[in-house]
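The values are calculated or read from the model by the stated rules, or taken from the named source; none is laboratory data. Remember, it's a predicted structure, so these values are computed and weren't measured experimentally. Positions of Cβ are backbone-derived with ideal geometry, glycine not excepted, and every protein chain shown enters the neighbour counts. Side chains included, ligands, DNA and RNA excluded: accessible areas come from the protein's heavy atoms. Shrake-Rupley method; radii C 1.70, N 1.55, O 1.52, S 1.80 Å.
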Amino acid sequence: MAADEEAAAAGRRNIALTAASETSKHILTLTTAVVTITISLAKDIVAGATPSDLVWLQLSWLAHAISVLAGVGTLLALAGTMSEGDAATSIYSTNIRLPAALQMTFFALGLAFVVVFGVVAI
């Protein structure tokens, strides 16, 4: 019975690690899409913006860049955790939680800065 419980726990752990990995990948995709769209449309959206308005867009790009770096760090930490065979490690380990929290925080900040730019510049 103990072997069955260990196998079930390992299965749940792998599912959790995979879900965390997929979430991080989705945020990376959304972040790069926001940056790509705002850079592609920069000529059109900054035409009437003042230099002080542009600071919000620049802050957004910076926040998104940090989010991308933290997302890569999250994926690397997840890969390292998945490769360990240790049943004691989980997605709640600090090496995963810290970059994941940074990724989500800076993604949210980046979106907020884009919205603020849109409000003040238009």
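Taking 7 Å steps out from each Cα toward its Cβ at Asp44 and Glu6 produces label points 6.0 nm apart. Based on protein heavy atoms only, the chain ends up with 60 Å² per residue of surface accessible to a 1.4 Å probe.
Highest-first packing order for the peptide set 33-41, 62-70, 75-83 is 62-70, 75-83, 33-41, based on the mean count of other beta carbon atoms within 10 Å.
Remark: the Glu84-Leu69 segment gains 3.1 nm on full extension, using 0.36 nm per residue and subtracting the alpha carbon distance. Counting protein heavy atoms only, the stretch 7-122 has 74 percent of its accessible area on carbon and sulfur, 1.4 angstrom probe. Taking the Cα centre of the stretch 13-122 as origin and assigning +1 to Lys and Arg Cβ atoms and -1 to Asp and Glu Cβ atoms, the resulting dipole is close to 20 debye.
Is it possible to state the helix-based mean residue ellipticity at 222 nm for the chain, with each DSSP H run of 4+ residues giving -39500 (n - 2.57), the sum divided by total residues, to the nearest 500 deg cm²/dmol? What is it?
On the way: 4 runs with 104 residues, N = 122.
Rounded to the nearest 500, it is -30500 deg cm²/dmol.
Give the value in nm², to one decimal: projected area of the alpha carbon convex hull of the chain, averaged over all directions. Directional mean of the projected Cα hull area for the chain stands at 8.0 nm².
Per-residue 3J(HN,Hα) values for the stretch 68-80, derived from phi via the Karplus relation 6.51 cos²θ - 1.76 cosθ + 1.60 with θ = phi - 60°, read 5, 4, 5, x, 5, x, 4, 5, 5, 5, 5, 5, x Hz in sequence order (x marks Gly and Pro). Extension gain for Ala19 to Leu54 (0.36 nm times residue separation, less C-alpha to C-alpha distance): 9.0 nm.
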